[in-house]
Structure formats: C-alpha cells, structure tokens
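Notes follow once the structure below has been shown.
Laboratory data are not the source of any read-out in this text; all were calculated from the coordinates shown. All figures in this text were calculated on a predicted structure; none of them were measured in a lab. Here the Cβ positions follow ideal geometry from the backbone for every residue, glycine too, while neighbour counts run over all protein chains shown.
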Amino acid sequence: MSYSSAPKITKANSADYSFLRANSVKAVATLLLLTVLSSCGGGENNVSAGNRSGILHWGNGTEPQSLDPHIATGVPEHKIIVALMEGLVLKDSKTLEPRPGVATSWDISEDGRVYTFYLRENARWSNGDPHNAHDYVWSWWRALQPALGNLYAYMYFPIANAKEYYEGEITDFEEVGVKALDDHTLRVTLNNPTPYFLQLLDHYSLFPVHRATIEKFGDADQRGTRWTYEGNLVGNGAFQLSEWKINRRVVVERNPHYWDAGSVKLNKIIFYPIENAVTVERMFRAGQLHYSGTVPADKIAAYMERKDPALHIAPYLGVYFYRINTRVPQLQDKRVRRALGMTIDRDKISQRILKGGQIPAYTITPPGTMGYYPKSDLAFNPEAARRLLAEAGYPNGEGFPATEILYNTSEGHRKIAVAIQQMWKKHLNIDVKLLNQEWKVYLNSITGLDYEIGRAGWIGDYVDPNNFLDMFLCNGGNNRTGWCNPEYDQLILKAAPEAKTHTERLEIFNRAETMLLDDMPVIPVYIYTSNNLVNPSVKNFNDNILNQPSFKEMYLKADQADSGAKN
Amino acid sequence: MDQISLQQQEQGTSLWKDAWIKLSKNYLALFGLGILALLCVISILTPWIAPYGYEEQNLMLGATAPSLEHWLGTDIFGRDMLTRIMYGGRVSLTVGFIATAVALIIGVLWGAIAGFVGGRVDAVMMRIVDIMYALPFMIFIVLLMVVFGRNILLLFLAIGAVEWLTMARIVRSQVMSLRKQEFVEAAHSLGLSQWTIIRRHIIPNTLGPVIVYTTLTIPSVMLLEAFLSFLGLGIQPPQSSWGLLINYGVETMEEYPWLLIFPGITLSLTLFALNFLGDGLRDALDPRTSKD
C-alpha cells in the first residue's frame, strides 16, 4: 500500500467561508456542510440506517488516484482495491498468517524456491467469467510491462527472471518463473528462498486483473484507460464496483460470483474521500460514518479520557519521513542532509504535536519488524549539526538557499512541517518555506523529483525489513530521492536473499540501513500508530500492524447501548 | 450671470466638505472609522510593538488559555496568539485593501464606460463580464497563480482581478439610469468631453452603491485569501492571516476555543467597522440628498 496520505484537510473546510461567493465551490461545500449538519436534526443517520441494511460507511481519506492494482500506490486506494480484488493468498486479519485466497492450498519445495498453487475450481470474476491460473500469468506479465509505469514492479523481483524481464535484459516472458501448469495449477519459481513471498501475494500489485476488460478499453500496458471506471471494472474480490463519483464517493456492492460469497455479510461499502480529519471526525461523531482512519491529534486525548470504545490505537508498521531530493544543489552534500536530520526534535513532535503514542523514528525500518532492531547513530544533536553545516560551507546557516518542504494538503502534515521549519530555523538558522499540494499533484511532484524536501510516509506492505529498505534501490520505483548507491543495492538484492540464517540476514539489512542513514537521502521522523475510529456496531474489525481491513469478515450489528447516534 | 460669480456661489459647500460634515454627525460611522484607523496603525507598527516573534515556538508550552504572559493564549505550537493576530492583520488588511482597490478601479471604469457609451460597446463589454462570471473563479485564480508564480502581491492582484465583475454590473446599471438625466444632457450641451462627463458627473453619482459594495468586498476577499492559502496558493506557514487563523481555530474549537474566538472577534470587528463606515459614507456622499 504505501503512501499514506494520513490526516487531511481541504475543500470541506471551504464551507465555512464560501458562503460569501456565488460559485460552484459553494455548492459542493454547502452540500457537505449540510450532510454534516443534517445529522444533528434528529433524522436517521447513516450509521443506524447502514446497520439495518448492511451498508458500511467508510471514511477513506483521499480521493483514490487509480483503482488499477498495477498503478495505484496509496493507502486510500489500497482499502478500495482489497474490497474489489483478491490475490492467491490472504492474510489472517488478526495474526497476518497466510490464509487461502484464490488458491486453496500450496506446496513449497524443499529448497524454498518453487511454490505450487492449487486454485479453486469455483473461482469467478465478478462478471461470471471463470478465473484461473492463466489470469495470473497474463496479469503478472502486464504488471511487468515497463510502459505501464508500475511503481511496484520491484515487488515481483523475488520471482526468477522478473527483474531481468522488467529491465529488458530478456524479452521472452516464458523465461520468467511463473507458469500455469493447467487451468488450476500455478507454479512460481523464485531466485532465492524468500521468507515473505506468501505475504507478497496479498499485496495488490500482485493481484490478477481481468484481461478481456482491460483489452476492451485499451492496450494492456496503457495507463489510465477507462477499465477501472464505474460499470467497467471487473474484479475477483468479495465486492464489485457499482459507483465512482469523483470526490463524492466510491460504492462497492457484494459480488455474487465471489467464491466465498456465502460468508460475506456486508451488502455494500461506501468509501468517502474526506480529507479533513476534523470534518471526518465530526461526521463520525454525528453517526454519518462507521469508520475514520484518522483522528485529529488534539482530539485523541479526549477520546482516551472517556475511554471511548470507538478509538482504536494500535502499533502500525509504517514510518513517517522526509525525502530529500539529492539532486538539488544545496542538498547534494550529505553533511547538509545529516545536519537537517539531526536537528529534528522527534520527542517533542511525538509528544506535543502527534499525541497518539507515535514513536520517534531514528531508522527507516520500524524497530521490531520480524525481530529486526536496527542500530542508528542518528540523534537529536544541534551542535554537531551546526558543525556539519559549517563544514559544508554554510557556517551559521549563512548563504543557505531558501529551501522548500512539500507536503500534501493536510493539517497533520502542516503541523509537523511548521514545527520542523522552526526547528531548522532555530538550530541551523536556515530559512525553509512550506508548500502544500493536493494529493495527486503532490505524488506527481515527488515522482518527478520536482521538489526539494518532501514529506512522505511508508506503510509496510508485508512484514519484513526488506519492504522498507528495497524502496531505496537505485531504480526502485518508490525511491524518488535521486539517491543511488550500488553497494547498497548489492546488499539488498544479493547479500540479504542469500543469507544462511535469519540473524545473518538481519545483520546485512542493518549494514544497508546504516549506509542509508549515513547518506541520509531520507530523514525518519516517527513510527506510525494506527489511530482508527470504529463505530462499536462494526463487528470483526481487527487491529493488525498493517492496519489492513478484512471487509469480507466484517458485519454490522447495533448493540442496544450504541444503537442511537452518539451526538 | 458670468462663470466667475457662479463658481463663487457654489464654493461654500463642495461635495467632499459636505460629506465630511454629514459623516462627523454619524457616530456609528465615526466609530467604524476609528476602529479601522486603530487596526491599521497597529498593523503598521506590529514589528515594533508585538510582544513575541510570530514564528517563535514553544512546543513544551503548547496551547494555553489566555494568561498574563499571553493575553490571548497560545496555539498548539506555543506561539503567542496576540502576536499572530497582529501579524495576521498585516496580511489581511493589505489583501483586503489592495485587492478591493484593484477590483474597484477595474469595476468602476469598466461599468461606467459600458453604461455610458452603450450600444455595441456595452454589449461586448458586458458579454466579457458574463463570460468571466461563468468561469469558475477558483480555476481562474489558480491559473493566474500558476502562470505568474506564487507571490503575495500577485495573489492580491489576482483576487482583485476576479472580484470586479459585480462592481462593473452595479456601476453600469447606475450609469444607464443616470446618463439620460437632465444634468448629463446639460453637460453634453455645454460641450464637455465624454470622459470629463464620466469623471465629473457620472462616477460621483454612483458612489453610494459602490461604497456599500466595496465594504462588502473587503471582508470577502479576506476570506478568499484564507481559502487560497489553505489550498497552498496564498501565504504559507509560519506566516498567517486572520482567515487562516480562523481556519485553524475551527479545527480545534472544542479543545482550544480561544484559537477561534479571538481571530473571529478581530475579523468581525473589522467587518462591522467597514459596514458602519460604508453606510455612513453612502449617506454622506450621495449627491442627490439635499444640502442643508
């Protein structure tokens, strides 16, 4: 999943002002405001109506960038895609252990390199087409087409020859380690035993896509075709897309062709792209939403105090960090980057701004991932930082060009940026400007290296240090810093997979991570906690460290106590 | 009667002097003027009289209610609210006045010319206004900002450049009704040029509605600025304006109400002051009211 767009802000707030202007913004904003206000009027709210009719109202953060599993990269997209599609293997919503998905069972060869998956006979696409092993071969072929611009292509690299194929060294897909032995048997050959491979299969970048639909609306490797639009999209998940109104909502309905349709309890899920954490929290309290993935930092204390069962705080495998564009002249010097990293007072940010139990981060990989506790020499040390900056040619910050922090529009990111801006000003005496952009524009700027310092978040796609560290490979689609170190690549791609023992493997990761932090193309800020607001009527909502919802398990049942709206 | 004696007779009460006399009897308007003057003076002097730096943070302090050290409390970064409001006033008042001035100049000239010349010129000019109306103004401003870059002065101009439309329509309708009146015909027959007539006779007669509309425009552009800043197109933190302070205040109004109340009071006060003053000026400047 990845880019967390996390807490937000935007158009909704304009409702407070736009009444002075006659324009279209007004109409939308007023509508939103009315939606919020109407809940106070005593009429039935979304939650109680939804509880009766099995409709889950889900506050989903940002408008999804795309619903194409081979193009999307964000958390909001992830939540919708997992409702619409499914991989070979699922994860248990509590323990994250592998569970049968489209594959009923699988064999792993003794050397850990060959996986044989046995697919369900009754697997179907949402339009009723049979769904079989050939779909995977075609989908994975598509995902590896360079023209598609799949930023997650590297997720395939554990598969034999996938990297070579993606980089054009071989042109025959037959040589890539994926084969349909018959309609219901798929064999995957890996380069090395990869302990996290089964976890990868539950990631949307390895999800199958419906060939006929994609080819109907364009070429297989064409971006942005209409196949993901409402009425077109065909998936294999528990739900199917029934409506997608930009900036309004995405509605998915139960998929009758799903192999496990009998155990799906929800009839519908409505995803609302509401970016403003304050608005979304208000809507939640007014009973308009069953779920909100963000809680405004200043409200967490109040929820904790009254022991509100709606508040779910859980460890979250994700890191909030700043990317540095290492091609920008004043940021090319690693001493400057180190100095910036050393003058962020992370304790204060966690305690005074975030307030949700977040842990200050001194490494990119969250400590404790698969028993990995990386060592780090990064610490808050303004004096050493000033020395480094002076060595780099900016004594007392003199002559340091004005540099910009880019963040996607959200009050949460703004607060952190404002605090860091002031810390750099205070400790290094350098002027930093802030620039916010809307989510899609922001993603474009970051991907195009059209930024100087950029806010970022990375949420684990699977539980392994590799998931955080292989982001910064020279050609990693999510690197986006311009930083490249062949020695680092060698450690991640060659040394780690060939490690004999778990300890040795972690040791190699630690060496790579030390290298990364020494060069500091990225500045870790904090380790996420997932802060969710979940209406008590939502049952089977399980917290897990990937914060992955399992929609097929959830159901709605109003308890006597909370059947009324909590106004 | 020759021209000189005619001028002498009229000398006693010029429009402006007359207006001032009337205005000084209107206490509400004077109060508004006083408040505005006070706010302007404070804004100008802010860098010297502000109790703290506007970006000076004290994270350990965090948001605190009003106290002796911080009269209006502090925000979540521990920044002094009084200071923030004072600095915010600089931005808000500047954007209010400059953008409104731009809107006023373009709008009045456009409307006066269209209304006075009439015919095909009027039709073309007003269709341009209609087209601009139809454009979503946000997109237009965003476009201007993207083309010319992010710069506060440009922001003011850009807002002004989209705010003049209503003004142009109001002025035009006024002018249409005025230009057929006898005193304008008299001016024509005296051989005055078109431009002189617009300047000397038409525009002063439209002042009433223009002033009222102006006083409404100022607060609306202040809020527009907040909205744009919010989208990342206006001013950026740590700078602030009243609109932005209110915007941030709304987010935490349940936990830290003072972050909303004080900027809110300041903006409302400005708004009231502008309206009182505007009302007073309209009464005072209307040349049609009798001189007594």
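Could you run the Karplus curve 6.51 cos²θ - 1.76 cosθ + 1.60 with θ = phi - 60° over region A:341-353 and give me ³J(HN,Hα) per residue in whole Hz, x for Gly and Pro?
These are the phi-based 3J(HN,Hα) values: x, 7, 10, 9, 8, 5, 4, 5, 4, 5, 7, 9, 10 Hz.
Taking each full run of DSSP H in chain B as one helix, which ones are at least 27 Å long along their axis (Cα atoms) and have mean Kyte-Doolittle hydropathy of at least -1.0? Before the final figure, lay out each step's value.
Working: long enough: B:27-49 (31 Å, 2.24); B:81-117 (52 Å, 1.64); B:152-179 (39 Å, 1.31); B:203-230 (39 Å, 1.30); B:258-285 (39 Å, 1.23).
Membrane-span-like by this rule: B:27-49, B:81-117, B:152-179, B:203-230, B:258-285.
Among the listed pairs A:Lys375/A:Lys415; A:Lys348/A:Lys433; A:Lys163/A:Lys552; A:Lys440/A:Lys552; A:Lys334/A:Lys425; A:Lys94/A:Lys245, which have their C-alpha atoms separated by more than 24 angstrom in this model? Write out the running numbers ahead of the final one.
Values: A:Lys375/A:Lys415 29 Å; A:Lys348/A:Lys433 21 Å; A:Lys163/A:Lys552 34 Å; A:Lys440/A:Lys552 29 Å; A:Lys334/A:Lys425 19 Å; A:Lys94/A:Lys245 32 Å.
Beyond 24 Å: A:Lys375/A:Lys415; A:Lys163/A:Lys552; A:Lys440/A:Lys552; A:Lys94/A:Lys245.
Let me know the mean shielding of B:129-140 by other chains, meaning the per-residue number of their Cβ atoms within 10 Å of its Cβ.
Details: counts 0, 0, 0, 0, 2, 0, 1, 3, 5, 7, 3, 0.
Going residue by residue through B:129-140 and averaging, the value is 2.
Hey, what number do you get for the protein assembly as shown at 222 nm if only DSSP H runs of n ≥ 4 count, each worth -39500 (n - 2.57), divided across all residues, to the nearest 500? Don't skip to the end; give the middle numbers.
On the way: 29 runs with 369 residues, N = 859.
The helix-only estimate for the protein assembly as shown comes to -13500 deg cm²/dmol at 222 nm.
With a sphere of radius 14 Å drawn around the Cβ of A:Gln490, what net charge do the other residues whose Cβ falls strictly inside it have (Lys, Arg +1; Asp, Glu -1)? Numbers along the way, then the final one.
Numbers: positive: A:Lys163, A:Lys494, A:Arg511; negative: A:Asp470, A:Glu487, A:Asp489, A:Glu498.
Every neighbour counted, the sum reads -1.
Under 18 Å from a point 7 Å along the Cα-to-Cβ line of A:Ala558: which residues of region A:50-84 have their amide N that close?
Of the residues in region A:50-84, A:50-58 have backbone N under 18 Å from the label point off A:Ala558.
Could you give each residue of region A:299-307 its phi-based ³J(HN,Hα) in whole Hz, using Karplus coefficients 6.51, -1.76, 1.60 with θ = phi - 60°, and x for Gly or Pro?
Once rounded to whole Hz, the list reads 9, 4, 4, 5, 5, 5, 4, 8, 6.
If we count GluC sites (Glu not before Pro) as exposed when they sit in a DSSP loop and have at most 11 other beta carbons within 10 Å, what is the longest stretch of chain A that avoids them all?
Value returned for the longest uninterrupted segment is A:170-397.
Could you grab the relative contact order for region B:53-107? Cα pairs under 8 Å, six or more apart, rounded to a whole percent. Please list the in-between numbers first.
Details: 58 pairs, mean separation 14.5, N = 55.
Relative contact order of region B:53-107: 26 percent.
Please give the net charge around A:Leu96, taking every other residue with its beta carbon less than 14 angstrom from that of A:Leu96, where Lys and Arg add +1 and Asp and Glu add -1. Walk me through the numbers on the way to the answer.
On the way: positive: A:Lys91, A:Lys94, A:Arg99; negative: A:Asp92, A:Glu97, A:Asp202, A:Asp461, A:Asp464, A:Asp543, A:Glu553.
Local charge sum for A:Leu96: -4.
Contour minus end-to-end for A:Ala301 and A:Thr189, with contour as 0.36 nm per residue of separation and end-to-end as the Cα-Cα distance?
On the way: separation 112, 0.36 × 112 = 40.32 nm, distance 5.01 nm.
The span from A:Ala301 to A:Thr189 would gain 35.3 nm if fully extended.
Between A:Phe173 and B:Arg120, what is the label-to-label distance in nm when each label sits 7 Å out along the Cα-to-Cβ direction?
The answer from the label model is 6.5 nm.
Using the crude model of +1 on Lys and Arg Cβ and -1 on Asp and Glu Cβ, and no other charge, please compute the dipole size for region A:295-361 relative to its Cα centre, in debye to 20.
The dipole magnitude comes to about 320 debye.
Over chain B, what is the relative contact order in whole percent, taking alpha-carbon pairs under 8 Å and six or more residues apart? Could the numbers behind the result be given before it?
Values: 380 pairs, mean separation 79.6, N = 292.
After rounding, I find 27 percent.
Do any trypsin sites (Lys or Arg not before Pro) in region A:306-380 lie in a loop, going by DSSP, with at most 14 other beta-carbon atoms within 10 Å of their beta carbon, and if so which? Write down the numbers at each step before the final one.
Values: sites: A:Arg306, A:Lys307, A:Arg323, A:Arg327, A:Lys334, A:Arg335, A:Arg337, A:Arg338, A:Arg346, A:Lys348, A:Arg352, A:Lys355, A:Lys375; in loops: A:Arg306, A:Lys307, A:Arg327, A:Lys355, A:Lys375.
Within region A:306-380, the qualifying trypsin sites (Lys or Arg not before Pro) (loop, at most 14 other Cβ atoms within 10 Å) are A:Arg306, A:Lys307, A:Arg327, A:Lys375.
Could I have the simple spin-label model distance between B:Thr196 and A:Glu398, label points 7 Å from Cα toward Cβ, reported in nm to one decimal?
6.4
Calculate, axis by axis, the spread of Cα positions in chain A along the three principal axes, and write the results as whole Å, longest axis first.
Principal extents (largest minus smallest coordinate, Cα): 68, 64, 43 Å.
Please compute, for peptide B:55-62, the average count of beta-carbon atoms on other protein chains lying within 10 Å of each residue's beta-carbon.
Details: counts 5, 3, 9, 2, 10, 3, 1, 6.
Whole-number average of other-chain Cβ neighbours for B:55-62 is 5.
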